[in-house]
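The values are calculated or read from the model by the stated rules, or taken from the named source; none is laboratory data. Quick caveat, the model's predicted, so the values are computed rather than measured. Positions of Cβ are generated from backbone atoms using ideal geometry, with glycine treated the same way; all protein chains shown enter the neighbour counts. Just so you know, the surface numbers come from the protein's heavy atoms only, side chains and all, with ligands and any DNA or RNA stripped out. Shrake-Rupley method; radii C 1.70, N 1.55, O 1.52, S 1.80 Å.
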Amino acid sequence: QVQLVESGGGLVQAGGSLRLSCAVSGLSFNRDTMAWFRQAPGKEREFVSALMWSGAPYYGDFVKGRFTVSRDNAKSTVYLQMNSLKSEDTAVYYCASGRGIKVAFTRPLQYDYWGQGTQVTVSS
């Protein structure tokens, strides 16, 4: 059974930092592309970051150097370090995994498995 479990969300003031974690079990973690998406109330799910199985990272345009994605294959965990947080970063953050993804990594439908999400709230 595949499980993705996010943690690390919470309430932080604008300008602060959070590190999200996504612990993965039940799949060959190091062969999958891992991604972070977010969804704010009333909005569509938005691509935040992806870490391809090759190790190449990608970010949404709004990130602008504030976030860093990484993975620890030994722990089957992917991280999202978020710095300089803004109120508009408030959302539920989801991690996702997918295999064989090459170019359409910003599209949620490309991913096979999802976590339950973790709430990030940034107060201004």
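Values for this structure:
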quantity	calculated
Long-range amide H partners of R71 with built H, under 5 Å	Y79
Spatially proximal lysines relative to K102 (Cα-Cα < 27 Å; intrachain offsets below 8 disregarded)	K43, K64, K75
Nearest-10 value in Å² for the accessible area of M52, using the 1.4 Å probe	10
Extension gain, R31 back to A14 (0.36 nm per residue minus Cα-Cα distance, nm)	2.6 nm
Region 1-75: GluC sites (Glu not before Pro) in DSSP loop, at most 12 other beta carbons within 10 Å	E44
